[in-house]
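The values are calculated or read from the model by the stated rules, or taken from the named source; none is laboratory data. Everything quoted here is computed from the prediction, not taken from an experiment. We work out accessible area using only protein heavy atoms, side chains counted, and drop any ligands, DNA or RNA first. Shrake-Rupley method; radii C 1.70, N 1.55, O 1.52, S 1.80 Å.
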Amino acid sequence: MFRHGGEIMASDKSCGMKDTVLALGALFNALPDAMLVVDGQGRIVFSNAAVSSILGYTADELIGKSLGCLIPERQRNVHASHFTQFHESGKPAPMGVRPIRQALHKSGREVPISNSVANLDLNGERFSVAVMRDGGEIQSEITEATVQAETDLLTGVGSRLCLSRFMQAALAASSPFSLLFLDLKKFKPFNDNYGHEVGDKVLQIVAKRLQAQIRSEDLATRFGGDEFVLVFNGSIGIELLEQRAASIAASVVRPFHIGELSSSVGVSIGGAIFPRDGGSEAELLKVADQNMYQAKQFDVPYYVGKRK
């Protein structure tokens, strides 16, 4: 049914299908994604032009070759078994983005791809259609999306998701760390009296000051609204955490200037230490939040718990 050169042709047995088959070939060649059609013996019977941009082969070079030539040698036996099972099962696979796998480029190097597969029955014969995308581009898109999701767009510090992942990684590794939970005081009047644009600039100023107070291995995040959380990597005693809280409080409350406006905000800070104050993300944030309210109650800038 398929002829060398990437042009789909009908055999004498299937003359009635010729127009349909030719139309499918035109459709496959118009697709931006790379596409291969493979017969039941694992031979490539069609390749569209987009395959070249990913794997380096022209359509003519691939027609008639075994699909195994595109699979790294260490994976060929497993792939062949999976292909046979899928080709015979008749169960369609969703044509969406799949996990990143390695394919063999014409040059011999391995390249990341994402592929989806579906079976196609034509005139009593079954073919498997594989749609491939550049895995490197997908990985870049995923990385960019992850960075956006883990960044607070207003202030540029980490998001709540970033905080959770950071803490979960440290907890899983049983790596000691401490955190400070900050709540700004006298912030609401900036929104009420000057508008949200000024309020946003205040948050941006505070975020920059917090980033200047931490090391490269630490993390500054915006927890929500006018609340921030700082996480400090490594073992730390309560005395040092108090020193850090005092330095951060002094930095936050410094006067700032926005246009003709000259003002300042206050801050209440609560601290927690892992593993002293809890063994989970929820427990540690709860302790830090409670200690922050203790600081408000005592009318002091920070409270990190009683010394034991």
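If you average the alpha carbon positions of region 175-241 and of region 252-308, how far apart do those two centres end up, in angstrom?
About 9 Å separates the Cα centre of region 175-241 from the one of region 252-308.
For Tyr303, Tyr57, Tyr293, write out the residues from largest to smallest accessible area, computed with a 1.4 angstrom probe and no ligands counted. Walk me through the intermediate numbers first.
Values: Tyr303 45, Tyr57 25, Tyr293 120 Å².
The residues order as Tyr293, Tyr303, Tyr57, largest area first.
Just the number, please: carbon plus sulfur as a percent of the accessible area of region 164-308, 1.4 Å probe, no ligands or DNA/RNA counted. Working shown, then result.
On the way: 3580 of 7090 Å².
Answer for region 164-308: carbon and sulfur cover 51 percent of the accessible area.
Counting only protein chains, not ligands or nucleic acids, how are Ser53, Ser216, Ser251 ordered by accessible area (probe 1.4 Å), most first? Mind dumping the intermediate values first?
On the way: Ser53 100, Ser216 120, Ser251 10 Å².
Of Ser53, Ser216, Ser251, the descending order of accessible area is Ser216, Ser53, Ser251.
Give the accessible surface of region 189-254 per residue, rounded to a whole number of Å², with probe radius 1.4 Å and ligands, DNA and RNA excluded.
That works out to 45 Å² per residue.
What do you reckon, how do Leu67, Leu153, Leu180 stack up by accessible area (1.4 Å probe), largest on top? Could you put the intermediate results ahead of the total?
Working: Leu67 25, Leu153 155, Leu180 0 Å².
Heavy-atom accessible area, descending, gives Leu153, Leu67, Leu180.
With a 1.4 Å probe and all protein chains kept in place, how much accessible area does Lys201 have, in Å² rounded to the nearest 10?
90
How many times 2.2 N^0.38 Å is the alpha carbon radius of gyration of region 203-286? Please report the intermediate quantities before stating the final value.
On the way: Rg = 14.0 Å, N = 84, 2.2 N^0.38 = 11.8 Å.
With N residues counted in region 203-286, Rg over 2.2 N^0.38 Å equals 1.18.
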